[in-house]
Amino acid sequence: MKTFFLKIENLLLMFFLVAVSLFPIIPNAIKGLPVVFFILITILFLLFKKRVYKKNRYIKYAFLFSALFLMYLVSLIYTNNLQYGLKKVETTLSFFIIPFCFALVYNRIKITDKMKLIFFYGYIFFSTIYAVSILLYFNYLGFDYCRGNLSHCLSYLNGTFILSEHPIYASMFIALAIIFIVNSFRNQHVFIKIIFLLCLIVIVFTLFFLIRKGVIIALVLSFISFLFFGKTPKKVNYLKTVVLLSVLFVLSLSFKDSIFKRFSELSKSSTYQVIDPDNSTSIRYSIYKCSLFLISQNPIFGVGLGDVSHELLECYKSKSQYLVSNRFNSHNQFFGIILSTGFVGLLIFIIQLVFYFKNTISHKDSLFLQSLIFFVFLMMTENILDRQSGVILFSFTMNYFFFNNISSKLENV
């Protein structure tokens, strides 16, 4: 009977990993479906083995990694817009659920290498499908038109597209797949390597078409860590990086005008003087000024989760109606956390990130480290934890790597 339950548990866990690998192509309306599935699996595990509650070696990490969410709840005490605050709490609920589900499940079972491959291969495959669907949709809208009027086409991508998603999150999904491909390339069969290379070309082409600066910069910086911390010999790491950069360079030639326009904004003096709706850097600069002003007024505990949007809008009114009408968030996750919960909340989140970093170093897990660096740098330009898509992907990926590593270590003790 025990063996039967163990097989059922392994099968359920495998289905869950497949569900998460589908994440890039799950419609926004049901994006939280893998989390619901994870909750059900955890409940079943508890029913199969009730003493899972006793001597749980992982529960302390669950409390640590969900502490920011608990701080969000505390901020509702002093927020004025409680209704909006509760809505944001609902959006970030996975930040609490996922660590506890991992802690309870990993106390019962360990994910096998075969299961890991199912997740990584599945995520790469479905991210490629997602990238292809975006290119096909742009072709439907008019490929040449979209290249010249990208903002207009991106509004459709975030609207009428069947797999509607904000361009930042769409880019984030496929950029993570690039990290998985490069780290999974070694020791593969030649046929798999060819498939991976084709997937890489499609995904990188799509990434350049979407041309989200923050995602591209975060991806490039994440590969610096791959050079120095990869498990493979440094010559192999250099070779892989050269191959990847060559692919990036060749494909970037098709988008050199868009790339030059986007990155040249950083060096223009007018960027930091006048708000230009066609200059994303000038928009961010004004947003950051408002964010820093509000932080200086409420540094310790912030303004409360429900009031961040209102306070930013009040500041925007003195700068530009364009900022007001678009209701921009802080466009920096760390600023967003300080605005909501003050430096107290930021300290909690930094401690969480430090634990992740220590885990990557102690286990020499280059894939974990590279993924973590990618997310951290992306958070410097985007509030990826303000939407369910970002919360689920970040929380699952980080906790998946972390609990895999510590469970392997404890088993070897």
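Under the condition of being open to solvent by 20 Å² or more (accessible area, probe 1.4 Å), in a helix (DSSP H, G or I) and at pLDDT 90 or above, the residues counted in the stretch 23-39 number 6.
Residue-level analysis places Ile211 among those that are touching a residue at least 40 places away in the same chain (Cβ under 8 Å) and either open to solvent by 20 Å² or more (accessible area, probe 1.4 Å) or over 21 Å from Ser371 (Cβ atoms) (or both). Being open to solvent by 20 Å² or more (accessible area, probe 1.4 Å), outside any helix (DSSP H, G or I) and either charged (D, E, K, R) or modelled with pLDDT of 95 or more (or both) is true for just one of Lys364, Lys358, Lys409. Which residue is that? On inspection, the qualifying residue turns out to be Lys364. Is it the case, given these coordinates, that Asn326 is without any contact (Cβ under 8 Å) to a residue 12 or more places away in the chain and within 24 Å of the chain's Cα centre (by Cα)? It is true that Asn326 is without any contact (Cβ under 8 Å) to a residue 12 or more places away in the chain and within 24 Å of the chain's Cα centre (by Cα). Assessment of the stretch 341-352 against the conditions (free of Cβ contacts under 8 Å to residues at least 12 places away in the same chain and farther than 30 Å from Asn404 by Cα) yields no matching residue.
Out of all the residues in the stretch 73-114, which are farther than 16 Å from Phe45 by Cβ, assigned to a helix (DSSP H, G or I) and either among the basic types (Lys, Arg) or open to solvent by less than 60 Å² (accessible area, probe 1.4 Å) (or both)? Those that are farther than 16 Å from Phe45 by Cβ, assigned to a helix (DSSP H, G or I) and either among the basic types (Lys, Arg) or open to solvent by less than 60 Å² (accessible area, probe 1.4 Å) (or both): Ser75, Gly85, Lys87, Lys88, Val89, Thr91, Ser94, Phe95, Lys114.
Among residues of the stretch 186-203 that are closer than 13 Å to Ile124 by Cβ, those with a beta-carbon under 6 Å from a residue that is aromatic (Phe, Trp, Tyr) at least six positions away or on a different chain give the pairs Phe196/Phe185. Filtered by the rule that a residue be open to solvent by 70 Å² or more (accessible area, probe 1.4 Å) and at pLDDT 90 or above, the stretch 51-72 gives Lys60, Phe63.
Examine the stretch 335-342 for a residue that is open to solvent by 20 Å² or more (accessible area, probe 1.4 Å), under 30 Å from Ile179 (Cα atoms) and at pLDDT 90 or above, and state whether such a residue exists. Yes; the residues of the stretch 335-342 include at least one that is open to solvent by 20 Å² or more (accessible area, probe 1.4 Å), under 30 Å from Ile179 (Cα atoms) and at pLDDT 90 or above. Among the conditions (1) assigned to a helix (DSSP H, G or I); (2) modelled with pLDDT under 85; (3) surrounded by fewer than 15 Cβ atoms within 10 Å (Cβ to Cβ), the only one that Leu12 does not satisfy is (3).
Among the residues of the stretch 314-323, is any open to solvent by 70 Å² or more (accessible area, probe 1.4 Å), hydroxyl-bearing (Ser, Thr, Tyr) and not in a helix (DSSP H, G or I)? Yes, the stretch 314-323 has at least one match. Here Val344 qualifies as farther than 18 Å from Tyr169 by Cα and out of contact with any Cys (no Cβ under 7 Å at 6 or more places or on another chain).
The values are calculated or read from the model by the stated rules, or taken from the named source; none is laboratory data. For clarity, every value in this text was computed on a predicted model and none was experimentally measured. FYI the Cβ positions are ideal-geometry reconstructions off the backbone, even for glycines, and counts take in every protein chain you see. Side chains are part of the model used for accessible areas, which takes the heavy atoms of the whole protein and leaves out ligands, DNA and RNA. Shrake-Rupley method; radii C 1.70, N 1.55, O 1.52, S 1.80 Å.
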